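Can you read through this structure? Questions will come right after.
The values are calculated or read from the model by the stated rules, or taken from the named source; none is laboratory data. What you see is a predicted model, and the numbers here were worked out from it, not measured in a lab. Cβ placement follows ideal geometry from the backbone for every residue including glycine, while neighbour counts extend to all protein chains displayed. Keep in mind that these areas ignore ligands, DNA and RNA; they rest on the heavy atoms of the full protein, side chains included. Shrake-Rupley method; radii C 1.70, N 1.55, O 1.52, S 1.80 Å.
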Amino acid sequence: MQKQRGSTKAVTSATQSVRSSMTSTPFTRALEHLGADQLVEYYRQMMLIRRFEEKCQEMYTRSKIGGFLHLYVGEEATGVGAISNLQPQDHVFTHYRDHGHAIARGLDINPLMAELFGKDTGCSRGMGGSMHFADVTKNFWGGYAIVGSHLLLADGVALQCKMQKTNGVVMVFFGDGATNGGEFYESLNFAQLWKLPVVFVCENNLFAMGTPLEVHSSVTEIHRKANAFDMKSMRIDGNDLLGVREQVGEAVEHARSGKGPVLVEAMTYRFRGHSAQDTQKYRTKEDVEKHRSADPLEAYRKLLIDEEICPASRLDAIDVQIDAEVDASVEFADNSPVPGNEWLTDAGIYAAPLETLTVDPTLV
Amino acid sequence: MAILTVREALQQALHEAMQDERVFIIGEDIGHYGSTYGVTAGFLEKYGPERIRDAPIAEAGILGLATGAAMAGMRPIAEIMSVNFSLLAFDIIINHAAKIYSMFGGKFSVPLVMRTTNGWTQLSATHSQSFDAMFAYIPGLKVVAPATPADMKGMFRAAMADPDPVIFIEHTLMYGVKGEVPDGDYIVPIGKSVLAREGRHLTVVTYSRMVHLSLQAAELLAQEGIEVEVVDLRTLRPLDMSVALESFKKTNHAVVVTEDWQSYGTSAEIATRLYEAGFDYLDAPIQRVNFREVPMPYAKNLEQQVVVTTERIVAAIKKVLNRS
Ligand SMILES: Cc1ncc(C[n+]2csc(CCOP(=O)(O)OP(=O)(O)O)c2C)c(N)n1
Ligand SMILES: [Mg+2]
C-alpha cells in the first residue's frame, strides 16, 4: 500500500497498478459498497468546504472576519476522505486549518460563519475564531493553534476510549511542519506504547508556512518517522478522495481493532497562502498553477461525470444550492448578537467560578 | 480525629479518589518504583497498571494525555514528580488546560488535577525552584498549596470535585509534618483562606510550608510579648484576601512570607493587594521574606542563606514593629 520513495504521482500510479491487476479500483469498490448517492455526497462536502472558504476570504477582505485565516483550499479530498470513515462515537482533533475538517465532520456552517464573525451564536460562542472551531456534540474537539500539542490531547481522548471501552477511534490532523517538535514524538511513543486507537493524519502540503519540507525536516518521507516507534504507517495520495477514503479506512480499522495507532502521510497541496496575509515568496506561480490544474475537487467532479454517476447538470444544481447555504450563513452571522461581557469575568474562564472572588480586584 | 502525616493524609485522599472509576493516576515512577515521595506506594498493587499508569519521562505527554482524557470525561490525576520538570509541560498547562474552557465558548472543561512538589535539599539550581507565581499568573488555572494534613486531604477532595484544571502544590519537606485530620468525608473549599494563629500586633500572610515556619516564629515572639497573627492563604488562584485584610485592619502591620523569589513573585501580588485595599490601615511598610534571588547553590552554607528561616521571619517582624 505504501511506497517508500517518489512523488505523490508515483504512489498513485503504483497503487492503481496493483489494484487494476485485481480489476477493481477504489472507485469501483466505493460504488459497490456505498452507492452513487454517497459518492455525490462527498462531492457536496468538498464543494461546501471550497465555497465556504472562498466566502471566508471575501468576508476577511471586507473585515467581517479578523485574526488569522488559514484556508484549506486544495486539500479537501484528504479531510473529506479520511473523516468519511468515522462513526459517531469517534473523535476528531485538528489544527488551526480546521474549517474543512469541521465541515466534513458535519458541523453546520451557520455557527461556523458566526464564529468567524465573532458572534455569540458561533460554535465556540465567538471566543475562538477561525482557529478554534469545536462541537463537542459531534466529538469534534477543536482546532488548536499551537503547532503539535493537540496530538497529545488526542492521545488522551484515545486513552479514554480505551479505558472506558467505547470502541471509539481518534483521528488527529496536523501538518508536515508539526512533525519536527517534541510533542509529535511524545504522542507517537505514548500511542504505540499503550496501543491507543489513534489515526495520525499528517497533511503533507510540502510547506510549513513558507519553509519547504526539505528545509525543515531531515526526513522528508514523514510516514517513516513512525518507524522509530514500530508503528504502522502509510503514505497516500491525499488528493484522490476515494483512495484516501479506502486507505485511511484501513488505518481506522487497524486502530479500532486494538492493534494500535497508525501514522498516515497524505500528500497534498494548499492552493492559497498559509494564511490570508501570506505573500507567497517561497513558491512560484507556476508551481501553484501546476497543482491547481490537478485540483482534487475538479478531478472528482470529472470522475463522477465520466463514470456516469451523476450528470453535470445535477452537480451544477448542487453548487447553486451550496452557494445559497453559504450566503445564508453570512446572513445568519451578520444578524447574530455579539457575546456578552460575562466572558470577561470568572464565569467565562472557569466551569466552576468562585463567585465571591473576582479575578482582577481593580474591576470590582 | 486522627493524627496523620501529610503523606498519610494524601494517601487517604488518593484512595478515596480512586473509588471513582473515572479516576486514574499518570506520572513518572508512581508505580513500579514505588513513588518518589512514597505517596502512591502500594497503589499499583491495589489498582493495577490500567489506573496507575507509569509514564515515560515525557512531561508534556503526561499533561497532554491527562488533559485530553479529562475533556472526554475521565478524572485524571497527573503527577509531575518535581515542579521543576513541569516547565516541559507549560505549553499544555498554559496554552491548553487553562484555555480550553473559555476558548471553546464554555462547551467543555478540563477536570484535571496536577499534583506536584516544591522543595529543596541541596539539589542545586534546577531542582530547588518554585513556580507558584507562574501558575497563579494564569487565568483558567486554580492553584492550591495547602499546609496541613487536614487541608491536604480536604483540598484534594475539592480539587477532584472541581471541573477546572487544578494545580495542587505539595512540598517535599512537608510530607512528614503531622496534624489532626477529621474522620470521614469532608471538603476544604478552594479559594478560602484561614487564620492559622490569632494575635494582635502584626499579621503574617503566608501559605504552604511557610505557614509552619511562621508559626514557629510567632511562638518565639510570644515569649517576648509580641502576638503575631498568621493567615494561611491555602489557595493562590483565586486569591482570597478577606481573612488577611480583616487581620491587617486590626494589627496595622504585615509581613508576607513566601518560599519563592521576591521580584514578580507571589509575595509581590499579596503585598500589593494589602496596600491597595488596606492603605488606610497601614502603620509601617510591609516587609517580605523570600528566597534570595539567585539560582540555588549546592553548598549547604550558601543554600542556608538563600532559603527562608524562622530567624529571618522573626527579624522581619521585629523590623516592621520597630523592635530589636
Ligand atoms: C508552537 C508553534 N510554533 C510556531 C507557530 C507558528 N506557525 C503556525 S502554523 C506554522 C506552520 C505549520 O506548518 P504545517 O505543520 O506544515 O501545517 P500547514 O499550515 O502546512 O497545514 C507555524 C510555524 C505556532 N502556531 N505554534
Ligand atoms: Mg504544511
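Find how many whole Å separate the alpha carbon centroid of the range A:198-229 from the alpha carbon centroid of the range B:1-72.
Here the two parts' Cα centres lie 35 Å apart.
For the interface of chains B and A, what total accessible area is buried with a 1.4 Å probe, rounded to the nearest 100 Å²?
Working: alone 13810 and 16550 Å², together 26500 Å².
Using a 1.4 Å probe on protein heavy atoms, the buried area is about 3900 Å².
I've got another one for you. Between B:Ile77 and residues 5 or more places away or on another chain, which pairs have amide H atoms under 5 Å apart, with H built 1.01 Å from N, and which residues are they?
Correct list: B:Phe24, B:Ile25, B:Ile26.
Give the distance, in whole Å, between the Cα centre of the range A:142-189 and the Cα centre of the range A:251-316.
23
Right, next: So for A:Trp141, B:Trp261, what's the accessible-area order with a 1.4 Å probe, most first?
On the way: A:Trp141 10, B:Trp261 80 Å².
Per-residue accessible area, sorted high to low, gives B:Trp261, A:Trp141.
On C-alpha positions alone, give me the angle between the axis of helix B:59-71 and the longest principal axis of chain B, in degrees, nearest 10.
On a 0 to 90 degree scale, this one is about 70.
Compare the Cα positions of B:Ala98, B:Pro56, B:Ser128 along the charge dipole of the range B:36-128 (+1 at Cβ of Lys, Arg; -1 at Cβ of Asp, Glu; about the Cα centre) and return the one farthest towards the positive end.
It is B:Ala98.
Shifting gears a bit: How much of the DSSP bridge set in chain A is antiparallel, in percent, rounded to the nearest 5?
Values: 3 of 27 bridges.
If we restrict to bridges inside chain A, about 10 percent are antiparallel.
Another question, if that's okay. How much of the DSSP bridge set in the range B:194-320 is antiparallel, in percent, rounded to the nearest 5?
Numbers: 3 of 16 bridges.
Within the range B:194-320, antiparallel bridges account for around 20 percent of the total.
Turning to a different aspect of this structure: Is the C-alpha gyration tensor of the range B:2-181 telling us rounded, prolate or oblate? Criteria: a/c under 1.5 is rounded; beyond that, a/b larger than b/c is prolate, otherwise oblate.
The shape class here is rounded.
Determine the relative contact order of chain A: mean sequence separation of Cα pairs under 8 Å and six or more apart, normalised by residue count, in whole percent. Don't jump to the answer; show the numbers that get you there.
On the way: 645 pairs, mean separation 78.9, N = 364.
Value for chain A: 22 percent.
Would you mind checking the radius of gyration and Dmax of the protein assembly as shown based on alpha-carbon positions, in Å?
Radius of gyration, then largest Cα-Cα span, for the protein assembly as shown: 28.7, 99 Å.
For the protein assembly as shown, what is the charge dipole size about the Cα centre, in debye to the nearest 20, if Lys and Arg each add +1 at the Cβ and Asp and Glu each add -1 at the Cβ?
Working: 65 positive and 85 negative charges, 193 e Å.
Value, rounded to 20: 920 debye.
Among A:Gly348, B:Ala89, A:Val199, flag the residue with its Cα farthest along the positive direction of the charge dipole of the protein assembly as shown, charges on Cβ as +1 for Lys/Arg and -1 for Asp/Glu.
Checked the options; the winner is B:Ala89.
Under a point-charge model restricted to the Cβ atoms of Lys and Arg (+1) and Asp and Glu (-1), what is the dipole moment magnitude of the range A:8-348 relative to its Cα centre, in debye to the nearest 20?
Here the range A:8-348 has a charge dipole of around 720 debye.
Further question on the same structure: Share of antiparallel DSSP beta bridges in the protein assembly as shown, in percent to the nearest 5?
On the way: 12 of 70 bridges.
The antiparallel proportion sits near 15 percent.
Next question, about the same structure. So with the 1.4 Å probe, I'd like the accessible area per residue for the range B:24-82, rounded to whole Å². Present the calculation step by step, with values, prior to reporting the outcome.
Values: 1700 Å² over 59 residues.
Per-residue value: 29 Å².
Also: What percent does the relative contact order of the range A:220-324 come to when contacts are Cα pairs within less than 8 Å and at least six residues apart? Kindly include the intermediate steps, with their values, before the conclusion.
Numbers: 76 pairs, mean separation 23.9, N = 105.
Relative contact order for the range A:220-324 comes out at 23 percent.
Mind putting a number on the dipole of the range A:223-364 about its Cα centre? Charges go on the C-beta only, +1 for Lys and Arg and -1 for Asp and Glu, and I need it in Debye to the nearest 20. Mind showing how you got there, number by number?
On the way: 17 positive and 27 negative charges, 193 e Å.
Dipole about the Cα centre, nearest 20: 920 debye.
Using a Förster radius of 56 Å, what is the FRET efficiency between B:Glu16 and A:Ala317 based on their Cβ-Cβ separation? Nearest 0.05, please. Let's see the in-between values first.
Numbers: r = 62 Å, r/R0 = 1.11.
E(calc), rounded to 0.05, equals 0.35.
Let me ask something else. Taking only the Cα atoms of chain A, how large is their convex hull per residue, in Å³?
Once divided by residue count, the hull of chain A is 157 Å³.
Classify chain B as rounded, prolate or oblate from the Cα gyration tensor: take a ≥ b ≥ c as the square roots of its eigenvalues, call it rounded if a/c is under 1.5, otherwise prolate when a/b beats b/c and oblate if not. Could the numbers behind the result be given before it?
Values: a/c = 1.73, a/b = 1.64, b/c = 1.06.
Since a/c reaches 1.5 and a/b is larger than b/c, the shape of chain B is classed as prolate.
Still on this model: Could you please state, rounded to a whole Å, how far the C-alpha centre of the range B:224-302 is from the C-alpha centre of the range A:96-132?
45
What distance in nm separates the simple spin-label points at A:Lys290 and A:Ser218, each placed 7 Å from Cα in the Cβ direction?
2.8
Right, here's the next one. For chain A, take the longest principal axis of its alpha carbons; what is the angle in degrees between that and the long axis of helix A:182-193, to the nearest 10 within 0 to 90?
70
While we're on this one: Compare A:Val288, A:Val199, A:Val170 in a GNM of chain A, Cα atoms joined below 10 Å, and give the one with the largest fluctuation.
Judging by the Gaussian network model, the answer is A:Val288.
Also, quick follow-up: May I ask you to compute the full-extension gain from A:Glu307 to A:Ala228, defined as 0.36 nm times their residue separation minus their alpha-carbon distance, rounded to one decimal in nm?
Working: separation 79, 0.36 × 79 = 28.44 nm, distance 4.23 nm.
Gain on extension, A:Glu307 to A:Ala228, equals 24.2 nm.
Separate question: On a 0 to 90° scale, report how tilted helix A:36-61 is relative to the longest principal axis of chain A, with both axes built from alpha carbons and the result rounded to the nearest 10.
Taking the Cα atoms of chain A, the angle to A:36-61 is about 50 degrees.
Between A:Arg29 and A:Phe68, take the C-beta separation as r, use R0 = 41 Å, and let me know the FRET efficiency to the nearest 0.05. Write down the numbers at each step before the final one.
Values: r = 39 Å, r/R0 = 0.95.
That pair, A:Arg29 with A:Phe68, gives E of 0.55.
Around A:Ile236, which amide H atoms from residues at least 5 apart in sequence, or from another chain, sit under 5 Å from its own amide H, with H modelled in the peptide plane?
For A:Ile236, whose amide H was placed from the backbone, the distant partners under 5 Å are A:Glu265, A:Ala266, A:Met267.
Calculate one ³J(HN,Hα) per residue across the range B:267-274 by plugging θ = phi - 60° into the Karplus curve 6.51 cos²θ - 1.76 cosθ + 1.60, and present them in order as whole Hz with x for glycine and proline.
Once rounded to whole Hz, the list reads 5, 5, 5, 5, 5, 4, 4, 5.
Among A:Pro261, A:Val244, A:Phe117, whose Cα lies farthest out toward the positive end of the dipole of the protein assembly as shown, if unit charges sit on the beta carbon of Lys, Arg (+1) and Asp, Glu (-1)?
Ranked along the dipole, the leading option is A:Pro261.
Over chain B, what is the relative contact order in percent, taking alpha-carbon pairs closer than 8 angstrom and at least six residues apart?
Numbers: 698 pairs, mean separation 51.4, N = 324.
Reported relative contact order: 16 percent.
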